[in-house]
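Before any comments, here is the structure.
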């Protein structure tokens, strides 16, 4: 099974799709930072008008795009130098977006190492939403009633995800657990959050400033949460003790989302989740070109390759979340490895 991934990796490497795309990323980085600056300039210029809410929505979209860029730097997609990637991501996350890079990296690395595996993937760990039958079994009373309908609450709850990311980041940099660059991240993160909120209440009436924050955080949370959830929720949940080889672990637990440039932009390229999980350091614009190679190879091995439309993915997610307690009744089985290449 290990050899299966090696064959695919060689094909992709020989195709040149792992090469850096400096022109793409420098252009994207400059334009996105410029949009961030322009949004804050618009806040100052427009003043006390309720048009500020449109600016708030636009700023939420821009912050999500910056978060995607930070994600790509964290995966070493942008620069050849590890330090350049790390520090670019750290500045984007803490100074521009307002999220702790070290907190997010630890969480996201655990997800990539064991997607949808109980006890290992933090994205299916116990929380407001019960993502697995084991978590669902712990719900009692009104919480069980709500969990049986949680699919309908999922999208509204995503409006709170932006606030949740900020709160979790502040708790991390101010907490007792070790943080690799706490001395850098804590002042940058706290200054960014404090200055941005303070500016809004200086430039705008209190009610409008509060509404601005609400809209900006809601849009930011929905776009970020909506870029991750359709790719894994409703795919197989792996028992804690199960052992799955790398290729099948990444392909079987991931789902691609079909769509044009708009879906690519809104999801930060994560709509090609299968390719991203198999080759996390591959530049975003190359994922589209790698998809036919990966899909064809999965067909050779007999490994199911999931891809659905954007709205279909949400129907799957909502249906799965509303019926979590009835999932997983059949034991998890991994498709038998092909003898290809042996």
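Among the residues of segment 95-118, those that are out of contact with any strand residue (DSSP E or B) (no Cβ under 9 Å at 6 or more places or on another chain) and not in a helix (DSSP H, G or I) comprise 98, 99, 100. Within the span defined as segment 148-158, every residue fails to be within 22 Å of the chain's Cα centre (by Cα) and under 21 Å from residue 95 (Cα atoms). Scanning segment 256-269 for residues that are surrounded by fewer than 22 Cβ atoms within 10 Å (Cβ to Cβ), touching a residue at least 12 places away in the same chain (Cβ under 8 Å) and outside any helix (DSSP H, G or I) yields 258, 259, 268. Every test in (1) under 13 Å from residue 98 (Cα atoms); (2) modelled with pLDDT of 95 or more is passed by residue 173 save one, and that test is (2). Within segment 10-19, restricting attention to residues that are over 10 Å from residue 282 (Cβ atoms) and in contact (Cβ under 8 Å) with a residue 40 or more places away in the chain, the residue that is surrounded by the most Cβ atoms within 10 Å (Cβ to Cβ) is 11.
Screening residue 234 on (1) under 20 Å from residue 154 (Cβ atoms); (2) in a helix (DSSP H, G or I) shows it passes everything except condition (2). If you check residue 142 against the conditions, is it more than 29 Å from residue 89 (Cα to Cα), part of a helix (DSSP H, G or I) and without any contact (Cβ under 8 Å) to a residue 12 or more places away in the chain? So residue 142 passes the test. Exactly one of (1) under 20 Å from the mean Cα position of the chain (by Cα); (2) within 30 Å of residue 54 (Cα to Cα); (3) part of a helix (DSSP H, G or I) is unmet by residue 190. Its number? (1) is the only condition that residue 190 fails. The set of residues from segment 69-104 being touching a residue at least 60 places away in the same chain (Cβ under 8 Å), farther than 23 Å from residue 191 by Cβ and surrounded by 16 or more Cβ atoms within 10 Å (Cβ to Cβ) comprises 72, 75, 76, 77, 78.
The values are calculated or read from the model by the stated rules, or taken from the named source; none is laboratory data. A quick note: this is a predicted structure, and the numbers were derived from the prediction, not measured. All Cβ positions, even for glycine, are placed from backbone atoms using ideal geometry, and neighbour counts span all protein chains on display.
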